[in-house]
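Q: Mind having a look at this structure? Questions to follow.
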Amino acid sequence: LVDLILALDFGGTKHAAGVIASGEAVWRGWKRAITPDNGTAREDLEIMFSLARDLLVGDIPAAIGASFGGPVDADTGLVRTCYHVHGWDNLPLKNLLEQEFGAPAWVDNDANLAALGEHRFGAGRGVQSLFYITVSTGVGGGWILNNHLWRGANNMAGEIGHLCIDPDGPLCACGRHGCLERLASGCGIAEDARLLLTRSPQHGQILHQLVGSDLSAITAQLVSQAYNLGDRLSQQVLDKAAWALGKGIGSVANLINPELFILGGGVTNAGERYWQIIRQTARQEALPDVHFEIQPAFLGDTAPLWGAVVLAQDNLNELK
Ligand SMILES: [Zn+2]
C-alpha cells in the first residue's frame, strides 16, 4: 500500500492542489483554480478542500504539505496574516487541514517551499546551499543551507525584498526607503514606468502605444514587452530593476556564500539583457573569491507545490 501525499498551494491569484505517491516524482493528479476577487479565507479554504477531494477520490492521505502566500509560523502552522484576502489573520491552517483530511499537516510560506521544491526537484538538484528568489508582484526568498531549509529564529529568514539598496531611493510599502522590493518587483517596475512616462513621455513611446492612454494599466509585463522592443524608458526602468537585484544578490553572496542563486517569478522572464545586468552587477558587488552561479528557476509557478510535497514527505519520514 502506498502512502499518498497531498500538496496544497494557497496563492494570491490561484490555488493549486496535487496528489503524489510517497517517494515518486510524478503527480497522480493535479488541479488548479483561480481565486475569486474580493474573496475571504473561508472561500479560499472551500475551493482548496474541493480541489483536494476531487483528487483524493475518497482516499486518505498519509501526510499533507501546504504552501501559503504570506507570513506563516511554520512551528504551529498558524497563518500570521494575508495581505490581499480577509480572514486569514491567525488562522490555524495546520489544524484546519488535519481536521478536514484526517492526516498530519505541515505549513510554510511560498518562498521557503519554492526553495525546497527547486532544491529537490528543480534547478537546485545536487546543490548543498542555494538561495531562491522570487520576483513577481513582490520579492521574496528562501534558503537551503547544507541541504536543509533555513527558516531563521522567527521563520523570517530570506527577506531579501527589504534589503536596502538605495537609502535615498523611493518609499517602500514597509515604510523604509530604497528596498530591493520597491526597486525590482513587478509593482515597483510598473510604478517607476508610470512616473517616468508622466514626466518624459517622449522616451516611452513604445510603452505608451502598448498601454494606451490609461497609465494605471501599466504592468511589469507590458514594461518587459516594451523593453524587448527597444523602448528607452522601459529599458531605463528594467535595467535599474536588474541592477538592484544584482546588488542584492552580490551582498547576499558575500554574507552567506551559497553555491547557487535561483531566480523565479514572472519578472525574471524579461529576457537576456535583464539577466546580463543581474549577473554583471552581482559579480561586481561580490568579492573576487566569492563564487556563485545565478540560474533561472526550473519548476515555474509549481515550485511551492513541489516544496509542499518535500515538506510533507520529510516530516512523514521523521514520524516513521
Ligand atoms: Zn521595504
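The values are calculated or read from the model by the stated rules, or taken from the named source; none is laboratory data. Predicted model only: the values in this text are computed from it and were never measured. Neighbour counts run over all protein chains shown; Cβ positions are idealised from the backbone, glycine included.
Q: Could you list, in sequence order, all residues of the stretch 52-90 that are closer than 19 Å to Ala7 by Cβ and aromatic (Phe, Trp, Tyr)? Please lay out each step first, then the result.
A: If we filter the stretch 52-90 for residues that are closer than 19 Å to Ala7 by Cβ, which is where we start, we get 52-70, 72, 74, 77, 79.
Phe68 - this is the single residue of the stretch 52-90 that is closer than 19 Å to Ala7 by Cβ and aromatic (Phe, Trp, Tyr).
Q: Quick one: what pairs do we get from the stretch 152-165, first residue touching a residue at least 12 places away in the same chain (Cβ under 8 Å), second among the charged types (D, E, K, R) and more than 9 Å from the ligand (Cβ to nearest atom), C-beta under 8 Å, 6+ apart or different chains?
A: Asn155/Asp73; Asn155/Asp75; Asn155/Asp108; Ala157/Arg151; Ile165/Lys247
Q: Follow-up. What number goes with the only condition from (1) touching a Leu at 6+ places or on another chain (Cβ under 8 Å); (2) closer than 16 Å to Lys240 by Cβ; (3) surrounded by fewer than 19 Cβ atoms within 10 Å (Cβ to Cβ) that Val127 does not pass?
A: (2)
Q: Can I ask one more? Let me confirm something: among Val139, Val135, Val107, which residue is within 16 Å of Ser251 (Cα to Cα), in contact (Cβ under 8 Å) with a residue 40 or more places away in the chain, buried (at least 22 other Cβ atoms within 10 Å of the Cβ) and among the hydrophobic types (A, V, I, L, M, F, W, C)?
A: Values: Val135 fails: within 16 Å of Ser251 (Cα to Cα); Val107 fails: within 16 Å of Ser251 (Cα to Cα).
Step by step, each of Val139, Val135, Val107 is checked, and only Val139 is within 16 Å of Ser251 (Cα to Cα), in contact (Cβ under 8 Å) with a residue 40 or more places away in the chain, buried (at least 22 other Cβ atoms within 10 Å of the Cβ) and among the hydrophobic types (A, V, I, L, M, F, W, C).
Q: Can you tell me which residues in the stretch 137-148 are part of a strand (DSSP E or B) and within 15 Å of the chain's Cα centre (by Cα)?
A: Val139, Gly140, Gly141, Gly142, Trp143, Ile144 - these are the residues of the stretch 137-148 that are part of a strand (DSSP E or B) and within 15 Å of the chain's Cα centre (by Cα).
Q: Going residue by residue through the stretch 169-180, is there one that turns out to be in a loop (DSSP other than H, G, I, E, B), within 13 Å of the ligand (Cβ to nearest atom) and of a type in the set (D, E, K, R)? Step through it out loud before you land on a result.
A: Within the stretch 169-180, the first condition is being in a loop (DSSP other than H, G, I, E, B), and the residues that meet it are 169-170, 172-176, 178.
Filter once more, keeping what is within 13 Å of the ligand (Cβ to nearest atom): 169-170, 172-176, 178.
Checking the rest, the ones that are also of a type in the set (D, E, K, R) come to 176.
Yes, the stretch 169-180 has at least one match.
Q: Which condition breaks for Phe261 when tested against (1) assigned to a helix (DSSP H, G or I); (2) modelled with pLDDT of 95 or more?
A: It fails just one condition, (1).
Q: Among the residues of the stretch 164-188, what is the count of those that are under 23 Å from Thr81 (Cα atoms), buried (at least 19 other Cβ atoms within 10 Å of the Cβ) and of a type in the set (A, V, I, L, M)?
A: So the count comes out to 1.
Q: Does Ile206 fit the bill of being at pLDDT 95 or above and more than 16 Å from the ligand (Cβ to nearest atom)? If you could, list the steps in order and put the result at the bottom.
A: On the way: at pLDDT 95 or above: yes; more than 16 Å from the ligand (Cβ to nearest atom): yes.
Taking the combined requirement at face value, the residue satisfies it.
Q: Same structure again: Which condition number does Ser234 fail, the rest of (1) polar (S, T, N, Q); (2) within 30 Å of Trp27 (Cα to Cα); (3) crowded, with 23+ Cβ neighbours inside 10 Å being met?
A: (2)
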